[in-house]
Structures are given as structure tokens and as C-alpha cells.
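Accompanying notes for the structure given below.
The values are calculated or read from the model by the stated rules, or taken from the named source; none is laboratory data. What you see is a predicted model, and the numbers here were worked out from it, not measured in a lab. Note: ideal-geometry Cβ built from the backbone for every residue, glycine included; neighbour counts use all protein chains shown. Areas reflect the complete protein model, heavy atoms only, side chains present, ligands, DNA and RNA absent. Shrake-Rupley method; radii C 1.70, N 1.55, O 1.52, S 1.80 Å.
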Amino acid sequence: MEYSTVIFERKENYALVTLNRPDKLNALNKQMFDELDDILKTIELDKDIYGLILTGSGDKAFAAGADIVQLHECGEREGKLFSEYGSYVMRRLELLKIPTIAAVNGFALGGGCELTLACTMRYASEYAKFGQPEVNLGIIPGYGGTQRLTNVLGKGKSAELILTGNMIKADEALRLGLVNAVYPSDELLGKVEDMMKLILSKGKLAVSAAVECINANASLAPAEGLAFESLMFGHVCGTDDFKEGTGAFIVKRKAEFKNK
Ligand code: COA
């Protein structure tokens, strides 16, 4: 598939995906979701891609939400489908068994904010702004915002953002735990790539298993989550990487993981 609204780059062992409609502040239209879906399928099948970074092109926006021009055409039935399709793509992103990091380089509003919430982690530039402004348009978040934002911020703060449509700046997002760190704009992507490289220098099978367990927290009851963790713990104990990691520690050398 040819991509016209996103840029898909393969780095050494991870993918960098850039939302690329800068003249529309990278608003998420149907074409962009189709292309993201195709990229996610490629990543799921490619055993040499161990991580994914998402960012936006231009210096103003990560993504300013769903495309309001397309949204405007919806009636009740189309609106439900509009929400379900975006939600499906975000869930597919969320369920990747690799770390996914949003490098939020500007506005992350509505669906843009929701896209960051489907990632494993978020880092922001100093000019990033987050918000769920849907109520200003007479709608509600439709790509998981009411659920994932509430999981991250708790009910009160999530409700405040969703019910007022107010935006928060990067420093407030950091204070609330919505992002892990804030960097100067020109350093953001480099810092996020450094983080990805650090993560991928570890046992990648262990990293993948940990991501699966962390994601399971959102859908499993506590006892089931603990049982799933034990299952995955046993699974990684059966790998060569486990023998290498623990063996290297015992003889005081650096582990050399083979992803087996
Ligand atoms: N959907 C479609 N187009 C969008 C868009 C969106 N969500 N967000 C921005 N754009 C377009 C604008 O229409 C404009 O296009 P134009 O140049 O052809 O007129 C272009 O992107 C630049 O946006 P503009 O509004 O001129 O930039 P700004 O700096 O004045 O304002 C925002 C920036 C983010 C505050 C403002 O664009 C905005 O409020 N966007 C909508 C946010 C939103 O409600 N998202 C939730 C959607 S469900």
C-alpha cells in the first residue's frame, strides 16, 4: 500500500511512523486510519520490528483530532461506525506486543490525544498541548478517550478535561502523569529514540512479555492479571535469553541476547 498521509520508516530494529498532514495539523481522516491499519498489520507480521515510535510532522501538531470535515457528514449510524473504526485501529495499536511511544510534538487533541493514550508511553515537547475538546463540537471522545484517559488520570481530572474541553500544556501533562518527560522541541525525537534504543538493548522477548502483561491490566481482573503475569514469567523462563541474562550476571559479564 502506498502511504500519502503517514510516513513509515524502518530504523535499525524499530519503526518510526509520522502522521503527515501538517497543513491540517495531522487531523486523522479515513485515509490515515486505513494507512495506520496497514502499517500495524505490517508491524505485527515483521519479526524484526521490536518497537514503534509515533510522531507528527511539522512543528505545530502531533494530531489535532479526527478530521472534523469528514466527521461533519456523519449521522447517527455513520457516527457509530466512525467511532468504531478509529477505535479498532487504536485498539490494534494498543495490543501490539512491542513498546510503542508517542513523541508528542504539538497539539494532541481529541483523537490525537486518544492515539497517544493507546501507546505504551508518551513524551512531549515543551509546546505540546493535550485535550479532549469534543464537547465544543457537540460530541464526546470516540476513540477510547473516556476509558483510557480515565485510566491514566483518574476520574476527576479526566472528567474535567472531557467535560470542559480545556487544553493542558506539557508541564501540566507531566505533573498529572500523562507524559513521562518534557523536552525542548528540537530534542524530543532524539530523546524518544534514545529511550527506544535503551529498551531494545534489553532482552526483547522479556520486553515484549512485559508489554503484554502491562496491557492486560486494562482488561483483566486483579487475580487474573497476576495469573497472566505468572504465565508469562514462566514463558520467559523457558527462553535462551533468560539463561543468557542470568548466566551473564553470575559470571559478571554483559548479556548478549539473541531473542530466542
Ligand atoms: N479536522 C480537520 N481540520 C483541522 C482540524 C481537525 N480536527 N484541526 C485543524 N484543522 C485544520 C484547520 O481547519 C486549518 O485548515 P485550513 O488552513 O484549510 O483552514 C488547519 O488545520 C490549521 O488549523 P487552524 O485552526 O488554522 O490552526 P490554529 O493554530 O488557529 O488552531 C487548533 C489550532 C488546534 C486550536 C484548532 O485547529 C482546533 O481547534 N482544531 C480542532 C481541534 C478539535 O476539536 N479536535 C477534536 C476533533 S473531534
What angle, in degrees between 0 and 90 and rounded to the nearest 10, separates the Cα long axis of helix 240-250 from the longest principal axis of the Cα atoms of the chain? 60
Qualifying GluC sites (Glu not before Pro) for segment 1-83 [loop in DSSP, other Cβ within 10 Å: at most 15]: Glu2, Glu12, Glu73
Sorting Ile214, Gln31, Phe130 by the position of each Cα along the dipole of the chain (Lys, Arg +1; Asp, Glu -1; all at Cβ), the one nearest the positive end of that ordering is Ile214
Explain nothing, just the number: dipole magnitude of segment 204-250 about its Cα centre with +1 on each Lys and Arg Cβ and -1 on each Asp and Glu Cβ, in debye rounded to the nearest 20. 40
Out of Ser57, Thr246, Leu200 - ranked by how far each Cα lies towards the positive end of the dipole of the chain, with unit charges on the beta-carbon of charged residues - the top one is Thr246
With +1 on each Lys and Arg Cβ and -1 on each Asp and Glu Cβ, how big is the dipole of segment 113-249 about its Cα centre, in debye rounded to the nearest 20? 220
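222 nm [θ] for the chain, helices only, -39500 (n - 2.57) per DSSP H run of 4+, per residue, to 500?
-15500 deg cm²/dmol
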Restricting things to Cα coordinates, could you compute the convex hull volume per residue of segment 19-125 in Å³? 88
Separation between the Lys252 and Tyr3 pseudo-spin-labels, each 7 Å from Cα along Cα→Cβ, expressed in nm? 4.7
May I ask which of Lys11/Lys243; Lys155/Lys258; Lys157/Lys191 have a Cα-Cα span longer than 31 Å here? Lys155/Lys258
Take the alpha carbon gyration tensor of segment 6-200, find the square roots of its eigenvalues, order them as a ≥ b ≥ c, and report rounded if a/c is under 1.5; if not, report prolate when a/b exceeds b/c, else oblate. oblate
I need the GluC sites (Glu not before Pro) found in segment 174-260, filtered to DSSP loop residues with at most 11 other beta carbons within 10 Å of theirs. Glu256
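Any idea what the relative contact order of the chain is, in percent, if you count C-alpha pairs under 8 Å spaced at least 6 apart? Kindly include the intermediate steps, with their values, before the conclusion.
On the way: 448 pairs, mean separation 37.8, N = 260.
Across the chain, relative contact order equals 15 percent.
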Apportionment of accessible area to carbon and sulfur, the chain, percent (1.4 Å): 56
State the Cα centre-to-centre distance between segment 68-88 and segment 122-145 in whole Å. 17
Trypsin sites (Lys or Arg not before Pro) restricted to segment 21-66 and DSSP loop, no more than 16 other C-beta within 10 Å: Lys47, Lys60
I'd like the antiparallel share, as a percent to the nearest 5, of DSSP beta bridges with both residues in the chain. 30
Counting Lys and Arg as +1 and Asp and Glu as -1, each charge on the Cβ, what is the dipole of the chain about the Cα centre in debye, to the nearest 20? 760
In Å², what does the accessible area per residue of segment 6-200 work out to with a 1.4 Å probe? 46
Check which residues have an amide H placed less than 5 Å from Val179's amide H, if you skip close sequence neighbours. Leu174
